[in-house]
Amino acid sequence: MSSASRKPWGGRFAEPTDAFVERFTASVHFDRRLARHDITGSIAHARMLGRVGVLDAREVDSIVTGLEQILADIERGDFEWQTALEDVHMNVETALVQRIGDVGKKLHTGRSRNDQVATDIRLWLRDELDAIDGQLHAALQALLQLAEREADTLMPGFTHLQTAQPVTLGHHLLAWFEMLARDRERFADCRRRVNIMPLGAAALAGTSFPIDRVYTAELLGFERPTENSLDSVSDRDFAIEFVAAAALLMTHFSRMSEELVLWSSAQFGFVSLADAWCTGSSIMPQKKNPDVPELLRGKTGRVNGHLVALLTLMKAQPLAYNKDNQEDKEPLFDTVDTVRDSLTAFTGMLPGMTVNTARLREAARAGYATATDLADYLVRKGLPFRDAHEVVGRAVRAAASDERDLADMTLDELRAFSPLIDADIFDVLTLEGSVAARDHLGGTAPRQVRAAVGRARARLDNI
Ligand code: ARG
């Protein structure tokens with residue numbers, strides 16, 4: 001038998017496929033990852049063909065049993081994948097015919113690989129989205145636990161990476177929580193558009209068989225069938241938006257990782273990551289490197305790259321299906337793998353991290369973090385804010401010239417800058433006083449952090 005006649009589409013061809021072309025056009029070495037979902041889709045398709053009378057009950061049974069056995073073989077690692085059969089779809093279909101005979105050839109009635117692959121990817125991605133949602137939930141929970149523990153922990157808040165105002169570490173961690181909570185919402189929103197069924201579009205125009213797409217959609221747990229057959233086989237928006245949401249998640253991980261890398265340096269010394277989550281240097285014996293957050297930061301690049309790859313893949317495609325779309329899988333698969341590993345890394349890293357509370361406090365005192373509090377104090381005593389800003393600026397300059405903090409100055413020294421200053425200023429200049437004063441919804445006061453953790457817990461449980 002020539003290799004052309006062995007192919008499911010071999011009938012039209014007089015000569016066998018060139019060996020290079022066979023390798024170049026094949027996708028089975030990566031799309032075999034879709035096997036389980038391909039078979040799930042085929043079983044639903046066969047049942048639907050039975051229901052509308054295109055196949056009889058015996059034929060459906062035989063096809064379903066054959067497919068189930070093939071899936072078991074695949075999952076046991078006992079299946080011979082053939083590049084000559086191009087992709088996962090034709091490998092499975094050929095195995096089915098070998099196993100159950102000619103009735104297997106009826107499975108492909110009323111469908112095409114074009115609607116088949118679009119269906120497979122959506123089924124696969126839906127499962128991955130559910131797993132990602134579970135992982136994000138765990139990450140968010142871990143952050144809430146830490147935020148609650150560190151609700152009173154003082155640290156410098158930064159703008160321009162210069163000391164700005166004191167904040168609580170719990171408040172900082174809740175900022176991370178908000179970023180990831182938005183990512184979780186974006187994935188949930190993306191899932192609504194993933195969960196729509198293209199099967200039935202066939203090659204591009206639909207099929208002349210009396211298919212029942214609503215029934216197939218129901219069997220597969222899809223929300224509904226797609227509306228337009230041409231769009232069904234060509235649309236990869238759902239994959240692009242998934243990767244876009246993933247790129248944002250990775251961007252958030254990258255930012256948090258950057259902070260952890262800085263914080264765990266000797267110069268900052270804010271936190272220390274668990275030994276089990278760090279690696280050493282082959283030449284410098286003292287090193288304990290934060291490889292895990294560094295890699296999280298680094299892996300953002302590949303996901304951003306996949307987003308650009310998919311957008312570029314799609315940008316000039318005429319309707320309907322084009323083979324270009326076979327290139328959608330590797331970026332999508334790698335995005336899912338990267339996101340899932342990154343979630344495991346992020347959540348795994350948090351519990352073993354120790355916080356150097358004394359060092360954080362000392363750092364918060366270092367950069368005149370309570371200068372704004374002094375200005376606000378003067379405003380409450382009737383000075384216009386701009387004038388208060390000027391007065392405090394002069395006080396900071398004087399303190400800085402002999403390397404003292406504002407709170408280290410005597411009352412008389414401070415009063416030299418403004419007679420409005422009284423002894424109660426020393427409460428205002430403390431770090432505790434500064435954070436406690438920011439006592440409103442969204443503020444850094446420990447009381448507000450605890451309240452925010454409570455609200456966040458309720459939100460987590462409601463999604
Ligand atoms: N392996 C193909 C893909 O990933 C399946 C669809 C092929 N359809 C076709 N007419 N060549 O897109």
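The values are calculated or read from the model by the stated rules, or taken from the named source; none is laboratory data. Worth saying up front: this structure is predicted, and the values here are computed from it rather than measured. Glycine gets a Cβ as well: all are built from the backbone with ideal geometry, and neighbour counts include every protein chain shown. Ligands, DNA and RNA are excluded from the accessible area calculation, which covers all protein heavy atoms including side chains. Shrake-Rupley method; radii C 1.70, N 1.55, O 1.52, S 1.80 Å.
Just one of the numbered conditions (1) more than 16 Å from the ligand (Cβ to nearest atom); (2) surrounded by fewer than 23 Cβ atoms within 10 Å (Cβ to Cβ); (3) not aromatic (Phe, Trp, Tyr) is not true of Ser112: (1).
Would you confirm, using the coordinates I've provided, whether Ser62 is among the polar types (S, T, N, Q), farther than 29 Å from Leu332 by Cα and part of a helix (DSSP H, G or I)? Answer is yes for this residue. Just one of the numbered conditions (1) farther than 26 Å from Arg23 by Cβ; (2) open to solvent by 20 Å² or more (accessible area, probe 1.4 Å) is not true of Gln98: (1). For the residues Ala138, Ala151, Ala142, the requirement of being open to solvent by less than 50 Å² (accessible area, probe 1.4 Å), touching a Gly at 6+ places or on another chain (Cβ under 8 Å), more than 14 Å from the ligand (Cβ to nearest atom) and under 30 Å from Trp263 (Cβ atoms) singles out Ala151.
Evaluation of Gln317 against the conditions (1) of a type in the set (S, T, N, Q); (2) in contact (Cβ under 8 Å) with a residue 12 or more places away in the chain; (3) farther than 23 Å from Arg113 by Cβ shows that the sole unmet condition is (3). The condition of being within 21 Å of Leu123 (Cβ to Cβ), open to solvent by less than 50 Å² (accessible area, probe 1.4 Å) and either within 16 Å of the ligand (Cβ to nearest atom) or modelled with pLDDT under 95 (or both) holds for only one of Leu204, Leu199, that being Leu199. Of the helices (runs of 4 or more DSSP H) entirely within the range 1-59, those holding at least 3 residues that are touching a residue at least 40 places away in the same chain (Cβ under 8 Å) and within 16 Å of the ligand (Cβ to nearest atom) occupy 19-25, 28-31, 35-51. Scanning the range 56-69 for any residue that is within 31 Å of the chain's Cα centre (by Cα) and of a type outside the set (Val, Ile, Thr) turns up nothing. Of the residues making up the range 287-311, those that are assigned to a loop (DSSP other than H, G, I, E, B) and of a type in the set (D, E, K, R) are Lys287, Lys288. When the residues of the range 312-327 are filtered to those that are part of a loop (DSSP other than H, G, I, E, B) and hydrophobic (A, V, I, L, M, F, W, C), the one that is nearest to the ligand (Cβ to nearest atom) is Ala320. Just so you know, in the range 328-340 the residues that are open to solvent by 30 Å² or more (accessible area, probe 1.4 Å) and touching a residue at least 12 places away in the same chain (Cβ under 8 Å) include one that is nearest to the ligand (Cβ to nearest atom), and it is Glu330. Tell me, yes or no, whether the range 87-94 has at least one residue that is touching a His at 6+ places or on another chain (Cβ under 7 Å) and either at pLDDT 95 or above or not polar (S, T, N, Q) (or both). Within the range 87-94, one or more residues are touching a His at 6+ places or on another chain (Cβ under 7 Å) and either at pLDDT 95 or above or not polar (S, T, N, Q) (or both).
One residue is enough: does the range 296-304 have a residue meeting the conditions away from the ligand (no atom under 15 Å from the Cβ), within 20 Å of Arg32 (Cα to Cα) and open to solvent by less than 80 Å² (accessible area, probe 1.4 Å)? Scanning the range 296-304 turns up no residue that is away from the ligand (no atom under 15 Å from the Cβ), within 20 Å of Arg32 (Cα to Cα) and open to solvent by less than 80 Å² (accessible area, probe 1.4 Å). Only residues that are away from the ligand (no atom under 16 Å from the Cβ) and free of Cβ contacts under 8 Å to residues at least 60 places away in the same chain were counted across the range 76-109, and they come to 17. In the set Arg386, Arg365, Arg380, Arg397, only one residue is touching a residue at least 24 places away in the same chain (Cβ under 8 Å) and basic (Lys, Arg); that residue is Arg365.
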